[in-house]
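Quick notes on the structure that follows.
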Amino acid sequence: MRRPTAVVWLLAAGWLAVILVAPLLGSQPLDLAALAAGDETSGAIFWQLRLPRVLLAVLAGGVLAVSGLAFQTLFRNPLAEPYTLGVAGGAALGAVLALQLVGGAGFFVVAGAAFAGALAVSAVILGLASTRHGLETGTLLLAGIAISLSCSALILFVQYLADFTRTFRMVRWMMGGLAVVGYGELLWLTPWVVLAAGMVLVHRWELNLLLTGEELAASRGVDLMRLRLLVLGATSLAVGALVAVAGPIGFVGLIVPHILRRWVGHDHLHLVPACLFGGGAFLAICDLVARTVMAPAELPVGVLTALLGGPFFLWLLVLGRQR
Amino acid sequence: MSGDPLVLTRRLGWRAGDRRILGPIDLQIRRGECLAVVGPNGAGKTTLLRLVTGLLAPSDGELLWGGQPYARLSRAGLARRIAYVPQVRPARVPLTVEQLVLLGRYPHLRRWRLAPRAEDYAAVERALERVGALDLRKRPLVGLSGGELQTVYIAAALAQGSELLVLDEPTAHLDPRHQREIAALLLRLAGERTVLTATHELNFASLVADRVLGLRDGRALALGGPAEVLREAVLMELFEAPFETVRGGERPVTVLGLEA
């Protein structure tokens, strides 16, 4: 078996191991024997709290990594991902607006608003990338920062207007967390993850071609605008769907694809499954750390990924300068 | 050399806003010939190449492929007919030589197949063999010399299996030995593929081209065999710089004259 294929299988095995082992670990260790014997407390913790949470983490991590991968290739920019370009921020703003404006907003209202926010920001980025200097690393990232800052400011403004309980709900949600109960969120998120990963995988040749430059890709018959619309649209929808469930979780889309490229190379045929498995396992492990390191208190996982991602971002910037 | 035109341009022109960059150009690219485009910077050479490749839509006039308007061909259809090697490319392409050349097969790949077909791999092998770069196939592109890179990009264009090869400045930044290798490669392809190339190297054009097109300010100033176009008088008008012919004949050799 060739190396990239072998690494993908190894990642899949690791991913499965994380799903099996992570639910057993936590502030209250689970006794396997008691669980097998049908102990009700153990069973409730395992099935209702920990397993859905771990599954949500692997889905979320996978889709964030795949989206980061797609953004980086589409914009030919190593620092692009839904978080740095403001797509996650747009989704968050949409969700917060829904929480504030629609009294007792149900999940689907929040999700719809998050979609709208993510797509709106994607449209802005797409428009910008089509301009003359739009694809230069600096321009795109500065635009992303400007969009993120505007969204953050608007979110703060909405929070300022909101009453205490709503504010608390918003702040807690903004930190990015995977504390779910039950499987509803998983059912909701799965189709979007499949759509995003499928869309990226189906366009693997086009994305590989983009690595050789837009001019060459276009001359080989790639319709760049259509490619950007489809791939950016699908990944942004998935990010919106995730933000509605878990809030913005930053930097997974930055860290994971970069590490995986070193392991499996740059062919998107291998990178997409690698990101799904690797990103999923990465976020599930981050979440495991987040819920045990300060036990019984829980750290929101978004705080942890941001703590890892900030220095990583700087490292990539410095590395980019050296080239 | 048959006189049957592969590409025909009628009053072809391109503008950026109100500014005319190219045209009007009436040109025939004959099946099997090598046509070199020469001219000063900003003459519209790359614009002409991009128009012929189908990357730019003409502002004026029209382009015909074998008598059929470009507009009737799909993007993929054009790519199966025309392969382009741009001059400006990303500095670091993180692929191996084989991966790059395989991507040349894109217009022939099927979206729903996970792996390329045996015939795609065979085309990759043939293309690499044709340019004499089979030994490079497993090497990463990062770390190849300028000459090797140009060679494998041409191999990728060959793998595309297109009848027309469009090369923008294929010898730019290459040392004499590698320029000679690219020239030898184009001479080997003579008759087998139709080649349209833009170049600043007049002696390279003289060596490889069946016909030379002299462009200035977006207009065709001269068109004909190397001996007709690469003359001192024509070159003076084209470049506003004096040239001396050091060897005449069918494929003249000229040098830049230093006396004003």
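With the Cα gyration tensor of chain B giving a ≥ b ≥ c as the square roots of its eigenvalues, does the rule (a/c under 1.5 for rounded; else a/b larger than b/c for prolate; else oblate) give rounded, prolate or oblate? Let's see the in-between values first.
Working: a/c = 1.88, a/b = 1.32, b/c = 1.42.
Oblate shape, in that a/c is at least 1.5 and b/c is the bigger or equal ratio.
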| remark: Which of A:F108, A:F164, A:F251 fluctuates most in a GNM of chain A (C-alpha springs under 10 Å)? That residue is A:F164
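Considering only DSSP beta bridges with both partners in the protein assembly as shown, what is the antiparallel share in %, to the nearest 5?
Given both bridge residues lie in the protein assembly as shown, the antiparallel proportion sits at roughly 60 percent.
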| request: Between the alpha-carbon centers of segment A:9-49 and segment B:110-183, tell me the distance in whole angstrom. | output: 53 Å
| remark: Descending accessible area (1.4 Å probe), largest on the left, turns B:I182, B:I21 into B:I21, B:I182
| said: How tilted is helix B:176-189 with respect to the longest principal axis of chain B? Cα atoms for both, answer in degrees (0 to 90, nearest 10). | reply: 70 degrees
| Hey, in the GNM for chain A with a 10 angstrom Cα cutoff, which one of A:G253, A:G213, A:G112 fluctuates hardest? | A:G213
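Just by accessible area at a 1.4 angstrom probe, what is the order of B:S59, A:S148 from largest to smallest? Could you put the intermediate results ahead of the total?
On the way: B:S59 55, A:S148 30 Å².
Correct descending sequence by accessible area is B:S59, A:S148.
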| task | Per DSSP H run of n ≥ 4, the term is -39500 (n - 2.57); total these for chain B, divide by its residue number, and report the mean residue ellipticity at 222 nm rounded to 500 deg cm²/dmol. | result | -9000 deg cm²/dmol
| request: Measure off 7 Å from each Cα along the Cα-to-Cβ vector at A:A179 and B:R117, then give the distance between these two points in nanometres to one decimal. | output: 5.7 nm
| With the contact rule set at Cα under 8 Å and sequence spacing of 6 or more, what percent relative contact order holds for chain A? | 33 percent
| request: Could you check what % of the DSSP bridge pairs in chain B are antiparallel, to the nearest 5? | output: 60 percent
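Given R₀ = 35 Å, what would the calculated FRET efficiency be for B:V246 paired with B:E62, taking r from the Cβ atoms and rounding to 0.05? Don't skip to the answer; put the middle values down first.
Working: r = 41 Å, r/R0 = 1.18.
It comes to 0.25.
May I ask for the Kirkwood hydrodynamic radius of the protein assembly as shown, worked out over all distinct Cα pairs and given in angstroms to one decimal? If you can, show how the numbers build up before the last one.
Numbers: mean 1/r = 0.0376 Å⁻¹.
Its Kirkwood hydrodynamic radius stands at 26.6 Å.
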| Amide H neighbours of B:R30 under 5 Å, counting only residues 5+ apart in sequence or on other chains, H built in-plane at 1.01 Å? | B:L6
| Which whole number gives the average, over all residues in A:218-230, of C-beta atoms from other chains lying within 10 Å of the residue C-beta? | 5
| task | Would you grab the residues whose amide H sits under 5 Å from the one on B:A222? Only those 5+ places off in sequence or on another chain, please, with H modelled 1.01 Å from N. | result | B:G214
| Which residues does a label at B:A172 reach in segment B:27-46, if reach means a backbone N under 12 Å from a point 7 Å past the Cα toward the Cβ? | B:41-42, B:45-46
| task | Take the alpha carbon gyration tensor of chain A, find the square roots of its eigenvalues, order them as a ≥ b ≥ c, and report rounded if a/c is under 1.5; if not, report prolate when a/b exceeds b/c, else oblate. | result | oblate
| query | How much accessible surface does B:R92 have with a 1.4 Å probe, in Å² rounded to 10? | reply | 130 Å²
| Pair A:L16, A:R262: separation of 7 Å Cα→Cβ label points (nm) | 2.7 nm
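Per residue of A:265-274, what is the mean number of Cβ atoms on other protein chains within 10 angstrom of that residue's Cβ? Each step should come with its number before you reach the end.
Working: counts 5, 6, 5, 0, 2, 0, 0, 0, 0, 0.
Mean shielding by partner chains, rounded to a whole number: 2.
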| field | Ordering of A:51-62, B:124-135 by burial proxy (mean other Cβ atoms within 10 Å per residue, highest first) | value | A:51-62, B:124-135
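Among all helices in chain A defined by DSSP H, which have a length of 20 Å or more along the axis from Cα atoms plus a Kyte-Doolittle mean of at least 0.5? Don't skip to the answer; put the middle values down first.
Details: long enough: A:3-21 (26 Å, 1.83); A:51-74 (34 Å, 1.71); A:87-101 (21 Å, 1.86); A:107-129 (33 Å, 2.33); A:137-161 (36 Å, 1.82); A:184-202 (28 Å, 1.73); A:224-246 (32 Å, 1.87); A:268-292 (35 Å, 1.27); A:301-322 (32 Å, 1.54).
Those that clear 20 Å and a mean of 0.5 are A:3-21, A:51-74, A:87-101, A:107-129, A:137-161, A:184-202, A:224-246, A:268-292, A:301-322.
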| query | Taking Cα atoms, how many degrees apart are the long axis of helix B:146-159 and the longest axis of chain B, rounded to 10 and kept between 0 and 90? | reply | 70 degrees
| remark: chain A, Gaussian network, Cα under 10 Å: of A:L126, A:L304, A:L32, the residue fluctuating most is A:L32
| How many nm is it between the label spots at B:L134 and B:R219, if each spot is 7 Å from the Cα in line with the beta carbon? | 5.1 nm
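The values are calculated or read from the model by the stated rules, or taken from the named source; none is laboratory data. Only a predicted model underlies this, so the values are computations on that prediction, with no experimental measurement involved. Using ideal geometry, Cβ is built from the backbone for each residue, glycine included, and neighbour counts are taken over all protein chains shown. Please note that ligands, DNA and RNA were not included when accessible areas were found on the heavy atoms of the full protein model with its side chains. Shrake-Rupley method; radii C 1.70, N 1.55, O 1.52, S 1.80 Å.
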